[in-house]
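First the structure, in the form of structure tokens, and then the observations on it.
What follows draws every value from the coordinates through simple rules; no lab data is involved. This is a predicted model, so every value here is computed, not measured. Ideal geometry is used to build each Cβ from the backbone, glycine not excepted, and the neighbour counts take in all protein chains shown.
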Amino acid sequence: MATSAFKSSISPAQRTASAAAAPTAALAPVEVLGVLAYPSIVTPDDKSGGKYNTLVLISDPEDQKKLEELVSSACVETFRSPQLPPGAHNPLRDSNEKNHAGEFAFKHPAFRVPGGMVIRAKTAYQPQCVWGPNETEIDPSEINGGDHVVLQISAYGYSNQSQGVGLSLGRIWLIKKGETKIERGSGAGANVQRIDRSRLRFNDGTGEAA
């Protein structure tokens, strides 16, 4: 896996000093560095059961290992095994995985990270959002897709009509504003098959091609 570029943004000592939020699941939350993608943290997402949620791209092997261990612990609590049962939902996904049609499941170019991991975390309550070295509270609207953040993530296992492990979203700590937006519709242009410009004529009186 690639070495994360985020390590220079925040030191281990700063992570440890972060105030812990109340856990939203049976297991204590962990903090991980990542990049938000398509967040719904200002208003709940109807397509996500009316919950606040976000995708997160995680490229640091240290943080990926934290999440793997968290999911394994949730499996032990729920399934009495560190492994998910066959067919159960695994919340840890490869950023370069492809769907049945052979297309990238995560289409935005920002996901093309070697060894990248993608998670989706949800919460019924609007997450607390803070910014900077003093962890100053800010409005969730100031955080966008593409921003570099520290997230508090909890895990819980479930076994009812379906089985698997889910991830709960806790506090979001904004570390750095992203240079590339990863919002709904913002990455569509990168995947569009462009029209032949020589076919275009503009009604500007010149008849010149584009």
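Assorted remarks:
- Radius 11 Å from Cβ of Gly116, net charge of other residues (Lys, Arg +1; Asp, Glu -1): -1
- Förster radius 35 Å - calculated FRET efficiency between Arg197 and Thr136 (Cβ-Cβ, nearest 0.05): 0.15
- Entries of Lys107/Lys181; Lys47/Lys122; Lys47/Lys177 with Cα pairs more than 20 Å apart: Lys47/Lys177
- Seen from Gly166, the other residues with C-beta closer than 10 Å to its C-beta sum to a net charge of +2, counting Lys and Arg as +1 and Asp and Glu as -1.
- Net +/- balance of residues flanking Val42 in space, Cβ distance below 11 Å, scoring K and R +1, D and E -1: -3
- Computed over segment 31-180: relative contact order in percent, which uses C-alpha pairs under 8 Å that are six or more apart: 30
- If only the Cβ of Lys and Arg carry +1 and only the Cβ of Asp and Glu carry -1, the dipole of segment 31-180 around its Cα centre is close to 400 debye.
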